[in-house]
1. Which percent of Cα pairs goes in each bin when the distances of the chain are cut into 10 angstrom slices starting at zero?
2. Near Lys54, which aspartates and glutamates are there with a Cα under 19 Å away, not counting those fewer than 8 places off in the same chain?
3. Just from its helices, what would the mean residue ellipticity at 222 nm be for the chain, if runs of 4 or more DSSP H residues each count -39500 (n - 2.57) and the sum is divided by every residue, rounded to the nearest 500 deg cm²/dmol?
4. How many percent of DSSP beta bridges within the chain run antiparallel, rounded to 5?
5. Would you mind classifying segment 105-215 by shape? Square roots of the alpha carbon gyration tensor eigenvalues, ordered a ≥ b ≥ c; an a/c under 1.5 is rounded, otherwise it is prolate if a/b is larger than b/c and oblate if not.
6. Roughly how many nanometres apart are two label points built 7 Å out from the Cα toward the Cβ at Asp224 and Ile177?
7. About its Cα centre, what dipole magnitude does the chain give when the only charges are +1 on Lys and Arg Cβ and -1 on Asp and Glu Cβ, stated in debye to the nearest 20?
8. Packing-wise, with mean Cβ within 10 Å as the measure, how do 195-203, 72-80, 290-298 rank, highest first?
Amino acid sequence: MVRHPIRLTAAAALCAVLAACGGARTTQTKAALAQADLPTIGASMGVLSTKEAKQLFGAKSAASGQSPAPYGSYAKGCLAGGAQLPETGPTWQAMRLSRNRNWGHPETVAYLRDLSAKAAQLPGWSGLYIGDMSQPRGGPMLTGHASHQIGLDADIWLRPAENLQLSRKAREQLSSISLRRANGAFTNDQWTPQHHALLKAAASDPRVARIFIFPGAKVKMCNDEKGDRAWLRKIRPWYGHHYHFHVRLACPRGATGCVDQAAPPAGDGCADAQAWVNNILNPPPPDPDAPPPKPRRELVLADLPAQCAGVLTAQ
Ligand SMILES: [Zn+2]
């Protein structure tokens, strides 16, 4: 699960446009939406438009039969023509099959095939255990994850995949391993050079925009890397992410409805990661002037790009 300051700002802006977050939808709010030049699907979808998007997308068990296309942004969008990562492959296992989240844009599936083949070359690794990707039609989920909505995000377990013939039951019961110590300031004794090599391979792929992992892991890789450091720019420290790392692909070429996130700041980001670690070890006193966190409103269908209504209803 990843939260984005940038997206929160966007959400806050939308909240301001809507005037009353969580309030009743009126023709006024529709007008405000149109005025703000945001796609609105309220008129065409009638009552559906005010339904919680997670209920609508969470109820879909199969992809839409459309051509593959991500619509919207990572934490506010949907996926047309999703592809299913096969539950078992030569170098991977999809985990937690009961969640039915082993879906993504075809480019994501291809990326995971490629990365798992590289993982299988590492000592002690037969491939990858793949956690949550997206729902069959993307969109918000009933549980967990603000992002993973457009088929371009995937969680990859930090536990080496040893057994590639797990039963369905084992894929529910097996747990990943945590690699953090001291609340994420450091890696623990489960961290290996293979993790470094895997993250380096994952980030070096030009299809990748960002990878999220806990701050101590980023600092560890910053300190251990003696060669090319360009890939470190894409490794972004974030909360959680000590049982898995999260790969986010850039919008595929030609995907016009797909909204990329701003690129990470220039440089390897190692100083920022170290600063985060320092804050974990030595927390600054709370800021008495900090504004209270804004309550988050559930996304309704009308909040998503207009194409998502079609994604939902397509055969
Ligand atoms: Zn994730």
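1. Result, from short to long distances: 6, 26, 32, 24, 11, 2, 0 percent.
2. Asp132, Asp153, Glu298, Asp303
3. It lands at -8500 deg cm²/dmol.
4. On the way: 24 of 31 bridges.
Approximately 75 percent, going by the DSSP bridge assignments.
5. On the way: a/c = 1.28, a/b = 1.26, b/c = 1.01.
Because its axes are fairly even, with a/c under 1.5, segment 105-215 counts as rounded.
6. 1.3 nm
7. Numbers: 35 positive and 22 negative charges, 82 e Å.
Rounded to the nearest 20 debye, it is 400 debye.
8. Details: 195-203: 20.1, 72-80: 26.8, 290-298: 9.6.
Order by mean packing, descending: 72-80, 195-203, 290-298.
Throughout, read-outs are computed from the coordinates displayed, never taken from laboratory work. Owing to the predicted nature of the structure, the values given are computational and were not obtained by experimental measurement. All Cβ positions, glycine included, derive from the backbone under ideal geometry; neighbour counts span all protein chains shown.
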